[in-house]
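Okay, so here's the structure we're looking at.
The values are calculated or read from the model by the stated rules, or taken from the named source; none is laboratory data. Everything quoted here is computed from the prediction, not taken from an experiment. With ideal geometry, Cβ positions are generated from the backbone for all residues, glycine too; neighbour counts draw on all protein chains shown.
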Amino acid sequence: MHPPLPCLPIPWRPACRALLAALLAALLAGCAGIAPPAPWPERLQALLPADVLLLGEQHDAAEHQRLQRAAVQWLAARGQLAAVVIEMAERGHSTRGLPGHASAAQVRAALQWNDAAWPWSVHGPVVMAAVAAGVPVRGGNLPRSQMRAAMDDAAWDQHLPAPALQRQYEALRQGHCGLLPEAQLAPMARVQIARDASLARTAQEALRPGQTVVLLAGSGHALRSLGVPTHWPASLRSRVVIAHTAPTPDALHGEADTVIETPALAPHDACAGLRRERPAPAATSTPR
């Protein structure tokens, strides 16, 4: 019997918010604040030129989406924005061909937007900013129809070095509050890696000489040692910006070119709902 499809494409479910926190916790140690950042446009300017600018967000932090929108508008105004690739829509869907005055309904239809997974009220403004500037928005996420095949493809187990793969496994354990059967760790990690590969490939396909592709994804996908950057060739000029709510782990700076600290969010027990939905795994599912 196949395990159920993972929650990874639906970041608003409690397990997925916990997964992001666990992924960072498994990778990073120690927490400390950072100095107030320079103005956002200045920080963007310092990152250029770049073929791809990867902006990692926490999906429920509104300040992160505001920063993304400002980056898209700033680059577009200078004629430097080649395309916007987003985790929030599946690969194969694009706004290419839509006019700058396209309605939100037209844009959502072109991207086959899933509002249950990615609330349009949260992510729509940055998409519409790109469309209004005449810049195509491309879905980069692994299509849900391909996730089962990714779960069964053991070739993905070889992509990351063994220590990094173990960090992915540990993040999945913690992110699912200890309720995930051990047998599901490898299939779910394969999906995460396959999603990173899909995002990386879509960004590469959007490259244009002298311009920058902006890639928007969750912070876990942006980590240089685990995420999308592991799928890019060394010749690609990529820059990584990770937005993180306070407090920010010091070691996170090693995973990005720039880390932006934003105000802390209200405390939230991400495991409470999951414990109500899913019983603890049976003894036979524990690690051997």
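Scanning region 242-252 for residues that are at pLDDT 90 or above and surrounded by fewer than 21 Cβ atoms within 10 Å (Cβ to Cβ) turns up THR245, ALA246, PRO247. Selection over region 131-164 of residues that are charged (D, E, K, R) and either part of a helix (DSSP H, G or I) or loosely packed, with under 15 Cβ neighbours inside 10 Å (or both) gives a count of 4. Every residue in region 78-126 that is in a loop (DSSP other than H, G, I, E, B), among the hydroxyl-bearing types (Ser, Thr, Tyr) and touching a strand residue (DSSP E or B) at 6+ places or on another chain (Cβ under 6 Å), please. Correct list: THR95 only.
The single residue among ARG208, ARG239 that is in contact with a strand residue (DSSP E or B) (Cβ under 6 Å, 6 or more places away or on another chain) and surrounded by fewer than 18 Cβ atoms within 10 Å (Cβ to Cβ) turns out to be ARG208.
Tell me, yes or no, whether region 63-77 has at least one residue that is at pLDDT 95 or above, farther than 22 Å from VAL191 by Cα and part of a strand (DSSP E or B). Among the residues of region 63-77, not one is at pLDDT 95 or above, farther than 22 Å from VAL191 by Cα and part of a strand (DSSP E or B), which makes the answer no.
The condition (being over 24 Å from ARG69 (Cβ atoms) and touching an Asp or Glu at 6+ places or on another chain (Cβ under 8 Å)) is satisfied by just one residue among THR212, THR230: THR230.
The condition of being surrounded by 16 or more Cβ atoms within 10 Å (Cβ to Cβ), among the β-branched types (Val, Ile, Thr) and farther than 21 Å from GLY56 by Cα holds for only one of VAL85, VAL107, that being VAL107. Being within 17 Å of the chain's Cα centre (by Cα) and modelled with pLDDT of 95 or more is not true of ALA105.
Taking residues in region 175-195 that are touching a residue at least 40 places away in the same chain (Cβ under 8 Å), and partners anywhere that are part of a helix (DSSP H, G or I) and surrounded by fewer than 17 Cβ atoms within 10 Å (Cβ to Cβ), the pairs with Cβ atoms closer than 6 Å and at least 6 places apart or on different chains are PRO181/SER285; GLU182/SER285. Is there a residue in region 171-187 that is of a type in the set (A, V, I, L, M, F, W, C), closer than 30 Å to VAL84 by Cβ, at pLDDT 95 or above and assigned to a helix (DSSP H, G or I)? No, because not a single residue in region 171-187 is of a type in the set (A, V, I, L, M, F, W, C), closer than 30 Å to VAL84 by Cβ, at pLDDT 95 or above and assigned to a helix (DSSP H, G or I).
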